[in-house]
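The values are calculated or read from the model by the stated rules, or taken from the named source; none is laboratory data. These numbers come from a predicted model, not from an experiment. As a convention, Cβ positions derive from the backbone with ideal geometry for all residues, glycine included, and neighbour counts pool all protein chains shown.
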Amino acid sequence: MKTLIKSIFRKFGIEITRYNPDSVNTSNLFEQVVSLKPENNSQGNALISYRLEPFLKNADESLLNKHTNYWRSLRMAETFLKIGFCVDVIDYRNKTFIPEKEYAFFIDVRHNLERLAPMLTQNCIKIMYIDAAHILFHNAAECQRLFNIQQRKGVTLHPRRFEIPNLAIENADFAITHGNEFTISTFRYANKPIYKIPQLQLVVYPYIEDKNYEVCRKYFLWFGSGGFVHKGLDLVLDAFTEMPDHHLYICGPIQKEKDFEKVYYRELYETTNIHTIGWVDVNGPEFLEITGKCLALIYPSCSEGGAGSVIQCMHAGLIPIISYESGVDVDGDFGIILKDCSIDTIKNTIKMISSFPAEKLKKMSHKAWEYARANHTRERFAEEYKKVIMKILENSE
């Protein structure tokens, strides 16, 4: 992984340009264009609108460990280079780029499909990369969660995950997603072919063979990034305050959402069975120390495109207890899909799994780890992404 950026720069000629440099601020990342050429003759051009940061020559290779979309952007570009396409990369937030050449492929995750589709040739294959549920559903689901907490707590919290809706799927010929059937269902109205590929994780861990399931059976983890109401942390906190004999560890950037922290201060910092850790680096020893203490991940998110935090915890051997809307496929042999995300359902599910025999818990943990290792790695993503691109190319021809 650490050599991926270097290998791309070493193998492929790279040119960094900026659209209309006389009229834009050339220091703006979002207005730059990175051009890459294949080793051999080109069969056309591909345009990728995703994350530009990893393609810049001053990019720190540690960037690839910060979020899967950085590595995914690199792998998408390398896939097209290997099958013989020149590749131009822009950031998905680029609002100034205008195509000046003919593209055989265009891949985007948000608004550039709607903006640029009318400027592309009729033969250009336009692909939406779906990394979230449809934004209308996404926003409505968070709004419902915010309304629910208003009714329970008597406060109004700020939305954290709202996005402006886009018409990417309407302007796409095909779509690719690493989400589950829930994620796909939010886009099905557009009647576009949608291909499913694996979510990936950059960090994998050996299985902990000597984990004591009699000890850890009552220890659980909530692990996620910002948007705590969207991701169900409020529901989990309310559940665990009513279960003093069960322990909850919380790993996330709590202090970045001051309004949430204020409302849940007592639960976060003054409740003996709740342990608020804050943000934890999945590459560091603290993450493995915490997951080594816990039995399962509890993650009742209201809308995702394949939650990376769920996959990361499965790689660490945690049993996933998640909402269907988390966007991750979970089998009953190694995880639990919550029938709903009510506080009572969360409590009942936690109590149920913590009562399972230790041997059953160990089997579930090992199967969760095996499933993540078999399906959610960099290698599997690269393999399946290339297969889908080749299939789309074949079908289009």
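For the reader, a short list of remarks on this structure follows.
- Residue-level analysis places Ser49 outside the set of residues that are part of a strand (DSSP E or B), at pLDDT 90 or above, of a type outside the set (A, V, I, L, M, F, W, C) and surrounded by fewer than 18 Cβ atoms within 10 Å (Cβ to Cβ).
- Qualifying residues in region 196-244 (those that are within 21 Å of the chain's Cα centre (by Cα) and over 24 Å from Ile254 (Cα atoms)) - the one modelled with the lowest pLDDT: Leu200
- Residue tally, condition among the charged types (D, E, K, R) and touching a Cys at 6+ places or on another chain (Cβ under 8 Å), over region 278-314: 1
- Among residues of region 171-189 being out of contact with any Phe, Trp or Tyr (no Cβ under 7 Å at 6 or more places or on another chain) and assigned to a loop (DSSP other than H, G, I, E, B), the one that is nearest to Phe137 (Cα to Cα) is Phe187.
- Out of Lys360, Lys367, Lys339, Lys351, sole residue that is touching a helix residue (DSSP H, G or I) at 6+ places or on another chain (Cβ under 7 Å) and either over 21 Å from Gly179 (Cβ atoms) or modelled with pLDDT of 95 or more (or both): Lys339
- Criterion applied to Lys95, Lys126 was being of a type outside the set (Val, Ile, Thr), under 25 Å from Pro193 (Cα atoms) and either in the same structural domain as Asn28 (by TED's automatic domain parsing) or under 20 Å from the mean Cα position of the chain (by Cα) (or both), and the one residue passing it is Lys126.
- Condition check for Thr121 on (1) without any contact (Cβ under 8 Å) to a residue 40 or more places away in the chain; (2) of a type in the set (Val, Ile, Thr); (3) surrounded by 14 or more Cβ atoms within 10 Å (Cβ to Cβ): one failure, at (3).
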